[in-house]
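The values are calculated or read from the model by the stated rules, or taken from the named source; none is laboratory data. Source: prediction; values computed, not measured. Glycine gets a Cβ as well: all are built from the backbone with ideal geometry, and neighbour counts include every protein chain shown. Accessible surface areas use protein heavy atoms only, side chains included; no ligands, DNA or RNA. Shrake-Rupley method; radii C 1.70, N 1.55, O 1.52, S 1.80 Å.
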Amino acid sequence: MLIDESLRFFVNNLQPRALVMKGRWGVGKTFYWREQIAKEFFAHADLRRVNRGYAYVSLFGIETISQMRNSLAYSYIENQPPGLFGIAKHWVRKCIRRIASHVSKNVADELSLGGQELGIKVKATTLLNDFSFLSIRRSLICIDDLERRNGKLSIGDVLGLVSYLVDQRECRVILILNFDALPAEDREEWERSRDKVFEAELLYQPTLQKSVEVGMHGTELETWHNTVKSCLIQLEIDNVRVVARAQRFVRQLIEEILKDKRMSDVSDEAWAEIAKTATLLSAANASRNVGAPDILEIIDPQGLSMLGDGGDADLSDEQNGWKKRISEYGLYFGDDLDKAIAQSVLDGFPRTDLLVPAVLEWGQIRQKHEREQKFRRAWDLYHSSLEPDDANVFDAFQEALPGIVGTEAVHNIESTGRLLRVMGHPDAATKLFKDWIDARRGERSDELFEESFFPGTIVTDAEFKDLIESARIEETRAAGMLLVEALVQIDSSSHSNEAVASIAAAHPEEIAEVLVREKRTWRQCARTLGVHGPHDDVGRSARARFLAALKIIAETSPLNADRVRNKLGGLDVNVLLAELQEQG
């Protein structure tokens, strides 16, 4: 940039003069001066030898010209190079500390000057400050934040001191300010006096990329650097303070998460996702004054859908700009990880109690998605090719199937098993069916029943159907529901899967024994299981075993045969059994 050349000439040329560097708030004027121009000055040994020193002062909150002089003097002492000036610096600092240890908040010890005849008394701190300020000569001076000074300190006082430093102390002075932030009366005074004091005014107006690079200075070796940098550029964040805040937040977030040992296996993709989300939410939270939406609105799926493309006539250009950039950011919000990062932004520190579980859950969901995608790609390979050789298709399925048997729907497993048989791999189809069933044993056994299938799903593959029915019966038996409890439950008009499966798992002789022993009418049970029945596979099995039990009872005597017919609403048990067998 041209301003680089101008400032380097200003620093390297020892001619006393004053310059102004102007720029809007947040573009990094101070950072640019300190981290680039001033550092080059300090690194230039020859230049330091011919300069008496360097001083920097921010006028933020300064009320009087005395405070400004004192701040310059202290900075001048602090920035003295080694050698003779270093010894002087040590002596002055020692004096300041010694005086400060004997000075109360408002009263300093007084020194007598001129003996009793003159009787002149001055405060020790005042004398030392004046001495220190007068030692400033032929130095490089930076005065910052003119617009943020206390109102008691006038523009005229500041410019007067700048003129004194240039004309009387042979210094080079640069004044940094945001002119747009000056009140109207200050602007008038500035316009009246600036030409008398300053030789030139430089405008610091860096590119977006330059502002981001300045705010991210020192993070170039971090693994997340490129991700955060590209995100900030995409969001058009040119405020260096916001850039610096966002990169600090990302650093803190990742460092705190990594303290948990379980995070060592987190994928690069997960870290990139965390960095992108954290960058957006941190930058948006720090940019509420320039149109950014509330971060809770950003992570709300409904709120995000309302963001639109930034063409809302009721919003300002800044607000519409933010909405457009967020809609194009490439993230879908609303999961627990987004909420944990947002809460960390709002609370001002990484909420590891929320972040760590959310990262683990995000990883599991992502892995599940990747496994499902692998399964979809295997099917795509089948549909997109007409090659006679099925080796590639079979290999793709073999690689994908272990990862999806625990999550895929029953109808997709049935279709895949059929395809495996078509390709000449019936054993692979059987293994697939068994693996799918085994993944649903125990606590997930409810998923083996039709009520848990996708609506309208009916398993028609004979092998798969038999395997599922056997598993239902085995799981019900393993669950330990007593046969009598199951019969009583159904007799009370209940149709739980567990009760029906318990009957399907019992032998007809066991059922007959319970029916005789309990001495109940069993009328509802007979109608539910014997006449109407459940119509799924397990239900038909339960009905067949129940009717077989009634047949055993009916054959014990003509009286019991009549009782069984009565319980079945006048229907013959043998006829019902025959009809059931015909239905398969």
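The table below lists the values:
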| item | result |
| --- | --- |
| All positions within segment 52-61 that are crowded, with 21+ Cβ neighbours inside 10 Å and within 17 Å of residue 177 (Cβ to Cβ) | 56, 57, 59 |
| Residue within segment 445-459 that is under 16 Å from residue 375 (Cα atoms), open to solvent by less than 30 Å² (accessible area, probe 1.4 Å), at pLDDT below 95 and part of a loop (DSSP other than H, G, I, E, B) present | no |
| Helices (runs of 4 or more DSSP H) contained in segment 473-568 and holding at least 1 residues modelled with pLDDT under 85 | 483-491, 497-504, 508-518, 537-554 |
| Matching residues, segment 287-299, being open to solvent by less than 50 Å² (accessible area, probe 1.4 Å) and under 16 Å from the mean Cα position of the chain (by Cα) | 295, 298, 299 |
| Of residues in segment 167-197 being out of contact with any helix residue (DSSP H, G or I) (no Cβ under 8 Å at 6 or more places or on another chain) and either open to solvent by less than 70 Å² (accessible area, probe 1.4 Å) or of a type outside the set (Asp, Glu) (or both), the one farthest from residue 55 (Cα to Cα) | 184 |
| Residue check, residue 411 in contact (Cβ under 8 Å) with a residue 24 or more places away in the chain and more than 20 Å from residue 537 (Cα to Cα) | no |
| Single residue of segment 222-245 satisfying the filter (assigned to a loop (DSSP other than H, G, I, E, B) and under 19 Å from residue 36 (Cα atoms)) that is most open to solvent (accessible area, probe 1.4 Å) | 238 |
| In segment 429-444, the residues that are surrounded by 18 or more Cβ atoms within 10 Å (Cβ to Cβ) and of a type outside the set (Phe, Trp, Tyr) | 429, 432, 437, 440 |
| Residues (buried (at least 19 other Cβ atoms within 10 Å of the Cβ) and in a helix (DSSP H, G or I)) located in segment 203-212 | 211, 212 |
| Selection count, segment 498-533, where residues are open to solvent by 30 Å² or more (accessible area, probe 1.4 Å), more than 16 Å from residue 578 (Cα to Cα) and under 57 Å from the mean Cα position of the chain (by Cα) | 1 |
| Condition met for residue 211 (among the hydroxyl-bearing types (Ser, Thr, Tyr) and over 48 Å from the mean Cα position of the chain (by Cα)) | no |
| First in segment 458-473 and closer than 22 Å to residue 506 by Cα, second anywhere and open to solvent by less than 40 Å² (accessible area, probe 1.4 Å) and of a type in the set (Asp, Glu), Cβ under 8 Å, 6 or more apart | 464/414; 465/537; 468/537; 469/537; 472/537 |
| Residue that is farthest from residue 287 (Cα to Cα), among those in segment 340-356 that are within 11 Å of the chain's Cα centre (by Cα) and small (Gly, Ala, Ser) | 340 |
| Of all residues in segment 246-268 being in a helix (DSSP H, G or I), modelled with pLDDT under 90 and under 17 Å from the mean Cα position of the chain (by Cα), the one that is surrounded by the fewest Cβ atoms within 10 Å (Cβ to Cβ) | 268 |
| In segment 249-283, the residues that are of a type in the set (Ser, Thr, Tyr) and either under 18 Å from residue 330 (Cα atoms) or touching a Gly at 6+ places or on another chain (Cβ under 8 Å) (or both) | 267, 277, 279, 282 |
| Segment 147-166, residues that are under 21 Å from residue 33 (Cβ atoms) and open to solvent by 60 Å² or more (accessible area, probe 1.4 Å) | 148 |
| Count - residues of segment 114-147 that are in a helix (DSSP H, G or I) and at pLDDT 90 or above | 2 |
| Tally of residues being within 24 Å of residue 455 (Cα to Cα), more than 35 Å from the chain's Cα centre (by Cα) and open to solvent by 20 Å² or more (accessible area, probe 1.4 Å) across segment 365-424 | 4 |
| Complete set of residues in segment 334-353 that are closer than 16 Å to residue 272 by Cβ and open to solvent by less than 20 Å² (accessible area, probe 1.4 Å) | 337, 338, 341 |
| Cβ-Cβ under 9 Å pairs, at least 6 apart or on other chains, segment 68-85 side open to solvent by 50 Å² or more (accessible area, probe 1.4 Å), far side modelled with pLDDT of 90 or more | 69/161; 74/55; 74/57; 78/55 |
| Cβ-Cβ under 8 Å pairs, at least 6 apart or on other chains, segment 317-340 side closer than 17 Å to residue 363 by Cβ, far side small (Gly, Ala, Ser) and in a helix (DSSP H, G or I) | 335/358; 336/358; 337/358; 339/358; 340/358 |
| Test: residue 169 is in contact with a Lys or Arg (Cβ under 9 Å, 6 or more places away or on another chain) and farther than 25 Å from residue 32 by Cα | yes |
| Enumeration of residues in segment 513-547 that are without any contact (Cβ under 8 Å) to a residue 40 or more places away in the chain and aliphatic (A, V, I, L, M) | 514, 515, 516, 529, 544, 547 |
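Here is a yes/no grid of residues against (1) of a type in the set (Phe, Trp, Tyr); (2) within 25 Å of residue 246 (Cβ to Cβ); (3) in contact with a Cys (Cβ under 7 Å, 6 or more places away or on another chain); (4) part of a helix (DSSP H, G or I):
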position	(1), (2), (3), (4)
296	no, yes, no, yes
314	no, no, no, no
344	no, yes, no, yes
357	no, yes, no, yes
381	no, no, no, yes
386	no, no, no, no
401	no, no, no, yes
